[in-house]
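Read the structure below first, then the notes.
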Amino acid sequence: MPSGTFIHFRTPGILIFGMVLAPCGWVLDLTSTVAPNWRTIHSIPSESTDTFLQQGIWDICRASTTSRDIRCNQQDEPYFNQQIIEVAQGMMVASLILTIIGICVAIPGVRCWRERPNWTVAGLGGLLIFCSGVLTIIPIAWYTHIMNNITASSTDIRVGYCIVLGYIGGILEVLGGFVMFIGICRCCDGRNRSERVVADTGKSTRIQPAPRRITVPSIPRTSSASSVPYSRDSFGPTDFPRAKSNGNNSKASSSYGGQPYDADL
């Protein structure tokens, strides 16, 4: 590459969109996986009214609305033996791993160290991210559908915040992976996004507009003996009385033979 020259590469917007949504969705899915709050159970028999259980797919915690004391590692064999719990554990972990793999695959295709991004590699990474989002939504939707039918010691069952975070994270991954995958179809292959080499000359690369030509209309000029728009004869005869001249000024007035000016009138 010549000295003083740098490559100006612009990453396509759909790749930026996907690479931003995928990590955000992964963080939300991670929180949904490890946090023990897929559902909460209130009004537990033989317990005080302010005590409730927080059940996740890995742990169960006992908390209270009147204190901040939370006791986890609660035992509930019938709950953890449910099929949905085993499926959710496997699919959520698989989703987290698949998202990381998808991001690592998409990075070489998105990074602009070449003239154009590698749409095939970026699209393959987007497909993996899309599948990871699907793996998140499936167990969460299934758990929400049968949440009231899972073994519980009370009928007052409420949705936990992990369900909400899981839905949002899965949708973000699905959207991010989809917009990256459509690039593999060559419908947005960057033909109109070609990058160019810009010489670093220390000057602004902004193209200056050409000077605008202004045509000045010519004004016809008529020849005139005087620039004054009137003459002495245009005033007509005047009858202004003249002051009598003294004797001392008779010689001065007689020696002047010019025509009177307008100021003399």
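The values are calculated or read from the model by the stated rules, or taken from the named source; none is laboratory data. Note that this is a predicted model, so its numbers are computed, not measured. Because the Cβ atoms are built from the backbone with ideal geometry, glycine has one as well, and the counts that use them run over all protein chains shown.
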message = List the residue pairs whose Cβ atoms are under 9 Å apart, where the first residue sits in region 57-69 and is in contact (Cβ under 8 Å) with a residue 24 or more places away in the chain, the second is surrounded by fewer than 15 Cβ atoms within 10 Å (Cβ to Cβ) and hydroxyl-bearing (Ser, Thr, Tyr), and the two are 6 or more positions apart or on different chains.
response = none
remark   = Checked GLY102, GLY109 against criteria (buried (at least 16 other Cβ atoms within 10 Å of the Cβ), modelled with pLDDT under 85 and small (Gly, Ala, Ser)); the one match is GLY109
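Can you give me the number of residues within region 31-75 that are among the hydroxyl-bearing types (Ser, Thr, Tyr) and within 42 Å of the chain's Cα centre (by Cα)?
Number satisfying all stated conditions: 5.
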key: Which numbered condition TYR79 misses (of (1) modelled with pLDDT of 90 or more; (2) surrounded by 15 or more Cβ atoms within 10 Å (Cβ to Cβ); (3) closer than 19 Å to VAL34 by Cβ)   = (1)
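Yes or no, residue by residue, for (1) crowded, with 21+ Cβ neighbours inside 10 Å; (2) in contact (Cβ under 8 Å) with a residue 60 or more places away in the chain; (3) of a type in the set (Ser, Thr, Tyr); (4) touching a helix residue (DSSP H, G or I) at 6+ places or on another chain (Cβ under 7 Å):
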| site | (1), (2), (3), (4) |
| --- | --- |
| GLN55 | yes, yes, no, yes |
| ALA94 | no, no, no, yes |
| ASN118 | no, no, no, yes |
| PHE130 | yes, no, no, yes |
| THR136 | yes, yes, yes, yes |
